[in-house]
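The values are calculated or read from the model by the stated rules, or taken from the named source; none is laboratory data. Everything numeric in this text was worked out from a predicted model, so none of it was measured. All Cβ positions, glycine included, derive from the backbone under ideal geometry; neighbour counts span all protein chains shown.
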Amino acid sequence: MTELMRAAIAVERGVVRCEEVGIPQLQDGELLVRTLAASICGSDLHMVNTGWAIHDFPAMPGHPGHEAAGVVVESRSERFSEGDMVLTTPHIWNSRCFADYQAVDDAHVLRLEPAVDLDMVTLAQQLGTVIYATKRLPVSLVGQTCLVVGQGSAGLFWDFALRQLGAGQIISIEPLPWRRELGESYGVDHSIDVMGDAAVEAVRDLTGGLGADLVIEAVGSTSTLSQAFHLVRDEGQVVLFGLPESENPVPFDYSQMFKSRADAFTVLGSQDEPGLTSYTEAVRLITSGEIDVEPIISHRVNIADIDTAFDLAGNRTDGAVKIGITFD
């Protein structure tokens, strides 16, 4: 093993580049994982571009990448051995998967079957967070109208999960045509291609003026945070799934939330679920073929060109949905 590795460094807000840094040293209970496949999450964009939860730049090498799979090359844990194929599920505060090697504590690693397609199973991390969130929803959504704001990878996984829960009708709001088309392949019945007040009116038209029973905010923008409460029916439910845009206070239409009497919750903590059961289920869904995640990975970019990868993901051009990171 060489003494240096390639790693993405967020050198300042909005700027990421690949540099050579030292390979991490292990503490007791940790594994050194050689990263074989990773992908960029919308939360990575929030953190790098706005500084949410990154209080000092440059950030830790490999941070904030958290969607990855690889092979254990060194273990200081009794639970894992060298050669184990693993999905890494660290807290986003400590995540460092945009690097050739990452040190991960053994509580946030899931062993995989040796023959698993690592390129695909990296998406089990994000799918797992969606599955975790659905456990706070009714067991059945039969007959309910569900609305997903945003058709990035998180929104697409929500489409799939809502369909599995028996949603009577799934509506999406997404301005980008290629993402709307993908959403329809994952279970969306009606795609809305406008935003703002026009989107609210479109949802009203589709729901007889009532609004959706359940709204999933899968973008994490200030505008869609408030908009969610204009889209939900009275006494409906809102899942605030998207990561905040900023750690600073943001304008919020509390009046509309108050009037809608909606039940709302945020999602955090899937990494601490006993037995990592939501991630285990996500791996099963992907490896069994129950969900085909291949269409979600629109681009693959080598770690050496991590700046290009972030530009693609952030600008949402050239058919971008999920950007995979390779380490060849």
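Across region 257-272, which residue is farthest from E235 (Cα to Cα) among those that are in contact (Cβ under 8 Å) with a residue 12 or more places away in the chain and in a loop (DSSP other than H, G, I, E, B)? Selected residue: G269. A count restricted to region 62-85 and to residues that are closer than 30 Å to V11 by Cβ and surrounded by fewer than 24 Cβ atoms within 10 Å (Cβ to Cβ) stands at 4. For region 12-25, residues that are surrounded by 15 or more Cβ atoms within 10 Å (Cβ to Cβ) and within 18 Å of W93 (Cα to Cα) total 2. Within region 137-164, the residues that satisfy the criterion of being in a helix (DSSP H, G or I), under 17 Å from F241 (Cα atoms) and either over 11 Å from the mean Cα position of the chain (by Cα) or not polar (S, T, N, Q) (or both) are A154, G155, L156, F157, W158, D159, F160, A161, L162. Selection of first residues in region 165-177 that are on the phi < 0 side of the Ramachandran plot and modelled with pLDDT of 95 or more and of second residues that are of a type in the set (S, T, Y) and surrounded by fewer than 14 Cβ atoms within 10 Å (Cβ to Cβ), restricted to Cβ pairs under 7 Å at least 6 apart or on distinct chains, gives the following pairs, ordered by first then second residue: L165/S140.
Cβ separations smaller than 7 Å between residues 6+ apart or across chains give no pair from region 273-287 residues that are within 15 Å of V86 (Cα to Cα) to residues that are basic (K, R) and not in a helix (DSSP H, G or I). Restricting attention to region 48-59 and to residues that are out of contact with any strand residue (DSSP E or B) (no Cβ under 6 Å at 6 or more places or on another chain) and closer than 17 Å to C97 by Cβ, the residue that is surrounded by the fewest Cβ atoms within 10 Å (Cβ to Cβ) turns out to be A53. At least 1 residues being free of Cβ contacts under 8 Å to residues at least 24 places away in the same chain is the threshold, and among the strands (runs of 3 or more DSSP E) wholly inside region 188-240 those reaching it are 190-192.
Residue by residue, here is whether (1) outside the structural domain of P64 (by TED's automatic domain parsing); (2) in a helix (DSSP H, G or I); (3) within 28 Å of A10 (Cα to Cα) holds:
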| position | (1), (2), (3) |
| --- | --- |
| G275 | no, yes, no |
| S278 | no, yes, no |
| A282 | no, yes, no |
| I286 | no, yes, no |
| G289 | no, no, no |
| D292 | no, no, no |
| I306 | no, yes, yes |
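Could you please let me know if V215 is surrounded by 22 or more Cβ atoms within 10 Å (Cβ to Cβ), within 23 Å of S39 (Cα to Cα) and β-branched (V, I, T)? When the stated conditions are applied, V215 does not pass them.
Let's see how each residue does on (1) in the same structural domain as T277 (by TED's automatic domain parsing); (2) not in a strand (DSSP E or B); (3) not small (G, A, S):
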| site | (1), (2), (3) |
| --- | --- |
| H63 | yes, yes, yes |
| A68 | yes, no, no |
| G83 | yes, yes, no |
| V86 | yes, no, yes |
| R96 | yes, yes, yes |
| D119 | yes, yes, yes |
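Report whether or not D318 is closer than 30 Å to G14 by Cβ, in a loop (DSSP other than H, G, I, E, B) and assigned by TED's automatic domain parsing to the domain that holds V15. Here the answer is yes, as D318 does meet what is asked. Within region 280-287, can one find any residue that is among the charged types (D, E, K, R), modelled with pLDDT of 95 or more and within 18 Å of the chain's Cα centre (by Cα)? Looking for residues that are among the charged types (D, E, K, R), modelled with pLDDT of 95 or more and within 18 Å of the chain's Cα centre (by Cα), one finds at least one in region 280-287, hence yes. Within region 26-47, take every residue that is farther than 30 Å from G220 by Cα and among the hydrophobic types (A, V, I, L, M, F, W, C) and give me the one that is surrounded by the most Cβ atoms within 10 Å (Cβ to Cβ). Among those residues, the one meeting the criterion is V33.
Kindly establish whether V232 is outside the structural domain of E174 (by TED's automatic domain parsing), crowded, with 21+ Cβ neighbours inside 10 Å and farther than 24 Å from A53 by Cβ. In short, no.
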